[in-house]
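Single-structure report; data block below.
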Amino acid sequence: MSDNPPSLAPGIEYPVSGLTEPAEIVVDRYGVPHIRAASRRDLFLVQGFNAARDRLWQIDLWRKRGLGLLSADFGPGYLAQDRAARLFLYRGDMAAEWAAYGVPDAREIVEAFVAGINAFVALVEARPELTPPEFAAVGTRPGRWSAEDVVRIRSHALVANVLSEGLRAQVLARADLETDLARRSIDPPHEILVPDGLDPADITPDVLDAFKLATAPVTFSPERLAASLDEAWRWSRVDELGTVTLDPSAPEDGSNNWAVSGSRTATGRPVFASDPHRAYSLPSLRYVVHLTAPGLDLIGAGEPVLPGISFGHNGHSAFSMTIFPTDQEDLIVYETEPGDPDRYRYGAGTERMERVCERIPVKGAPDQVVTLAFTRHGPVVHEDRARRRAFAVRTVWSEPGSAAYLGSLGSMQARSVAEFEAAIRHWNVPPGNQVYSDMGGTVAWFASGKAPRRPNHDGLLPVPGDGRYEWNGFHDPAELPRSVDPERGFVATANEMNLPEGFPVQAVKLGYEWFESSRADRIHAVLDADKAHTPDASMRLQTDDLSLPAARVLRLLPTCARGREQSALAVLAGWEGRLDEASAAAALFEVWWTKHLKPALLARAAPDPALRKLLPPGDHETLLAALERPGSRPWVRDQEDRAALLADTLSAAFEDCRARLGQDPAAWRWGDLHHGYFEHPLSAGFPGANGWRDVGPLPKGGSGSTVMNTRYRVTDFRAIAGASFRMVLDVGNWDAGRFINAPGQSGDPRSPHYDDLAPLWAARRYLPLLYSREAVDAAAELRIRLSPA
């Protein structure tokens, strides 16, 4: 391992501009910084300083992506992405923005946080040897932050469902809504309303390119970095993995969390578990930090670009969230005036778009002036002047208080369930399953997020922008579902359809597109059966690899015996559906399901290749139900047809595995195909450059359907999304908390904590989440003393 960077020298001391009292950062042997400050303002200032110390390249890139400033550093290949990002910046009243978070000192907290970032930027300017190696490799320097940067950037937040609306319209233009169920099921059951005046053929595949580009991560390739100004607008498409390409929807990000009442645990204390799922990245999206000042003692994880934490505890209460898939977006379709594309039909007349010109600096070229257009509903993402159509996205991002996760500033301080409920009334984005527990024994779940009222449409298809399909404000948070100390003895969520029985679904149309229920079903089954739950049991459950879709398909295998697939059936014999990385049966099943059985079902649902391209990856519940109930869908006519389909695809999958893994099935391993890999953002653009390294491959079990969510790309089975951060808490016995954060805490390749946690993550292991001063000091690896400059 490389030597420590200068900033990690033992006993180091720094003067920090803006600090009012001495402060300290104690870094433990696992890379977790424990920040101790004399006031709230100093605490958040030091949090920003420390975030820059460990993650400067990452947070600088986040800011430049969000504000549309990439072209200045990286050239014309990033101009289209800069323009797209600027479409979705918050442009409303800033006083309303700060007030919306419900925390009186929200602005002061964020100002202190960015002052800390800027203090570290000033430090690296004075001491260049502290600068992360990425900046020298690409010839850039970190920028200075303002508090407004943190809240105006919206495009990294998870919201739904405009991409699905666009795909559904494209399917409807070629087929029918039943066919679209093979792409995305609807729950609760609902007859989709086709808005009057909508022509689905208007929704072409490029309508949402700007939206995809605005939300895409920053990617690098030699071709993109070398793009000329003439080629700039060719770099405006995004593939299904989120990579910006020359010439399409992002995978879903889910999460798990639960809180088990002390009445069902071995110790009598609640057990609390959280593992948010996002795209794997290097460094990790999450950063674990301990924040201590008079009146505050918080530990847990958040995004390093934000003050506070979103998943953790405050010494009394534990909190976390998963996505609650509220529909917070609509695609709006306008008919524009003949000869005047700036005017669109609205009500009995027309309205004029607002066009804004902005100057974007471009490396190696003159500044470029771009034009952004806005309607009363939001940013215009596409114009088809030949057909006299324009398209805008209406989104809660445009509303005050919708910076992602900043609502945590209130919820992280709550010390009772009533305070927690009051705080999350101000949580807008992303919509959340907020789970809470405390030392008094309470366990609770609240749905949160800004939920539009749609009086006369359901949000499942684009709507005409002529005024007939408006939002009528937002639902009061009190209308959203919740559960406090349920009789069941626990609360648990995994992005499934969890609206309680009797909830007024049609009156409060929160959304109809949820994640598949496999993870939630498994979590609920395990917790229901466990009357003496322990933190160790929660860790085992977070890393559970039982695939319920596999178990459902296995039950159908006796119906498919036809002869040719006998060798494959021998591999699957006795297998119960666990996707262990050492399992041959797991490898065969996942190759069968992903590369053969699902594609065969989708081909039956959509014989037209152009239509079929819109359906992947396919809706598991719809496809599994079609197999289990032959004749319920036209894609599987009867039991004989099903037997033939299963036998043919299983035989093909067996031969596929022999080609991929060798002739002897006894040597097959799921982990030889399915692997974790943390790729540095610059690896593709600067091949062979020194100063950083990728981490992996790391054999991994599971899939996107297991509680241990390790969703993979179908091209090479690389795991691309899931839990890199996990946390389990024994509520009240805080030093017994456990965590993992892969590949490591630091984003600096010179740090020993850059990739030290990756092997433990791959092995399903955890580390202590130390909390008490005594435990932290005993594990201290480094002390950084900060003094007022």
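The values are calculated or read from the model by the stated rules, or taken from the named source; none is laboratory data. Nothing here was measured: the structure is a model prediction, and the numbers come from that model. All Cβ positions, glycine included, derive from the backbone under ideal geometry; neighbour counts span all protein chains shown. With ligands, DNA and RNA removed, areas are computed over all heavy atoms of the protein, side chains included. Shrake-Rupley method; radii C 1.70, N 1.55, O 1.52, S 1.80 Å.
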Return the residues of region 538-571 that are out of contact with any Ser or Thr (no Cβ under 8 Å at 6 or more places or on another chain), open to solvent by less than 10 Å² (accessible area, probe 1.4 Å) and either modelled with pLDDT of 95 or more or part of a loop (DSSP other than H, G, I, E, B) (or both); say none if nothing qualifies.
Ser538, Leu541, Gln542, Val553
Within the set of pairs 6+ apart or on separate chains, which have a first residue in region 627-651 that is within 23 Å of Leu588 (Cα to Cα) and open to solvent by less than 20 Å² (accessible area, probe 1.4 Å), a second that is part of a loop (DSSP other than H, G, I, E, B) and of a type in the set (Asp, Glu), and C-beta atoms under 7 Å apart?
Ala647/Glu565; Leu650/Glu565; Ser651/Glu565
Residues of region 582-626 classified as closer than 30 Å to Ala666 by Cα, open to solvent by 10 Å² or more (accessible area, probe 1.4 Å) and charged (D, E, K, R), total
2
Residue list for region 754-785, filter: under 31 Å from the mean Cα position of the chain (by Cα) and more than 24 Å from Pro535 (Cβ to Cβ):
Tyr754, Asp755
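If I go through region 413-444 residue by residue, how many of them are among the hydrophobic types (A, V, I, L, M, F, W, C) and either surrounded by 24 or more Cβ atoms within 10 Å (Cβ to Cβ) or under 13 Å from Pro477 (Cβ atoms) (or both)?
Here is the first cut: in region 413-444, the ones among the hydrophobic types (A, V, I, L, M, F, W, C) are 414, 417-418, 420, 422-424, 427, 429, 435, 439, 443-444.
Now drop any that are not either surrounded by 24 or more Cβ atoms within 10 Å (Cβ to Cβ) or under 13 Å from Pro477 (Cβ atoms) (or both), which leaves 420, 422-424, 427, 429, 435, 443.
Within region 413-444, residues that are among the hydrophobic types (A, V, I, L, M, F, W, C) and either surrounded by 24 or more Cβ atoms within 10 Å (Cβ to Cβ) or under 13 Å from Pro477 (Cβ atoms) (or both) number 8.
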For the structure I just gave you, tell me whether Pro217 is under 28 Å from the mean Cα position of the chain (by Cα) and not small (Gly, Ala, Ser).
yes
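Keeping to region 174-209, report how many residues are basic (Lys, Arg), farther than 14 Å from Thr622 by Cβ and either part of a loop (DSSP other than H, G, I, E, B) or touching a Gly at 6+ places or on another chain (Cβ under 7 Å) (or both).
0
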With the first residue restricted to region 290-305 and required to be part of a strand (DSSP E or B), and the second required to be acidic (Asp, Glu), Cβ contacts under 9 Å at 6 or more apart or on different chains are His290/Asp28; His290/Asp297; Leu291/Asp297; Ala293/Asp42
Condition met for Trp575 (part of a helix (DSSP H, G or I) and aromatic (Phe, Trp, Tyr)):
no
Is it the case that Pro400 is within 17 Å of Phe474 (Cα to Cα) and over 17 Å from the mean Cα position of the chain (by Cα)?
yes
Residue under evaluation Arg154, criteria (1) charged (D, E, K, R); (2) open to solvent by less than 10 Å² (accessible area, probe 1.4 Å); (3) in a helix (DSSP H, G or I), criterion not met
(3)
Here's a check for you: in region 378-397, which residue that is open to solvent by 10 Å² or more (accessible area, probe 1.4 Å) and among the aliphatic types (A, V, I, L, M) is nearest to the chain's Cα centre (by Cα)?
Val381
Six or more apart or on different chains, Cβ under 7 Å: which pairs go from a residue in region 159-179 that's more than 21 Å from His382 (Cα to Cα) to one that's open to solvent by 30 Å² or more (accessible area, probe 1.4 Å) and of a type in the set (Asp, Glu)? Could you list them?
Arg174/Asp608
Checked against (1) under 15 Å from Gly300 (Cβ atoms); (2) modelled with pLDDT under 95; (3) open to solvent by 10 Å² or more (accessible area, probe 1.4 Å), Arg738 satisfies every condition except (2)
For region 167-204, which positions are open to solvent by less than 20 Å² (accessible area, probe 1.4 Å) and among the aliphatic types (A, V, I, L, M)?
Ala169, Val171, Ala182, Ile203
Exactly one of these conditions fails for Lys212: (1) of a type in the set (D, E, K, R); (2) within 26 Å of the chain's Cα centre (by Cα); (3) open to solvent by less than 20 Å² (accessible area, probe 1.4 Å). Give me its number.
(3)
Flagged pairs (Cβ under 7 angstrom, 6 or more apart or on separate chains; first in region 218-246, closer than 28 Å to Pro616 by Cβ and of a type in the set (A, V, I, L, M); second modelled with pLDDT under 75 and open to solvent by 50 Å² or more (accessible area, probe 1.4 Å)) are Val238/Pro248
If we scan region 456-479, do we find a residue that is over 30 Å from Met353 (Cβ atoms) and surrounded by 19 or more Cβ atoms within 10 Å (Cβ to Cβ)?
yes
Scanning region 352-366 residue by residue, those farther than 20 Å from Val138 by Cα, surrounded by 12 or more Cβ atoms within 10 Å (Cβ to Cβ) and not hydrophobic (A, V, I, L, M, F, W, C) turn out to be Arg352, Glu354, Glu358
